[in-house]
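Okay, structure first, notes after.
The values are calculated or read from the model by the stated rules, or taken from the named source; none is laboratory data. A quick note: this is a predicted structure, and the numbers were derived from the prediction, not measured. With ideal geometry, Cβ positions are generated from the backbone for all residues, glycine too; neighbour counts draw on all protein chains shown. For the accessible areas, the whole protein counts, side chains as well, though only heavy atoms, and no ligand, DNA or RNA atoms are used. Shrake-Rupley method; radii C 1.70, N 1.55, O 1.52, S 1.80 Å.
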Amino acid sequence: NNNNATKKHSFKLTKNMKCTKKAEMKSKNTGKKILSDETLDSLKNTDLISLRTRCEKEVKRRMELIHKTLLAFYDHAEDQYRVSVASHLRTLDEMIDTYDAMLCTMERDFHERLDTVRANYDDEKQIMIDKFEAD
């Protein structure tokens, strides 16, 4: 009998311990839920608004930084384009000067050869006239 009573008592003790653990877990979960709800309400009312404001300011600041950077890149690219166009125009001017010099040289050479051909023609013409008159 004593053995049965001990077993019953042990069984009831185990059952009570399980119930106590369940109640303790339920209590903790309820407490956590209450704290979470309070924290969430607190965040909604104060921290969330200030966090939103800070995020908006940060986004605006970063957008301004990106805009300034893009403007700087654009200005740099525009400067490079101007330098490139100026260099290209100088190269074209140099090419025109080179071709003008070559054309002048060719024209001078042409006139020298023309003068030589005319002189030879005039000499041969005079030789023929002299020969014709001599006969």
Review point. Using the Karplus equation 6.51 cos²θ - 1.76 cosθ + 1.60 (θ = phi - 60°), what ³J(HN,Hα) coupling, rounded to whole Hz, does each residue of segment 75-90 give in order, writing x for Gly and Pro?
Key: 4, 4, 5, 5, 4, 4, 5, 4, 4, 5, 5, 4, 5, 4, 5, 4
Check your understanding: So for Asp97, Asp130, what's the accessible-area order with a 1.4 Å probe, most first?
Key -> Asp97, Asp130
Revision key, fill the gap. One finds, for Lys21 and Leu51 with R0 = 35 angstrom and r their Cβ-Cβ distance, a FRET efficiency to the nearest 0.05 of 0.35
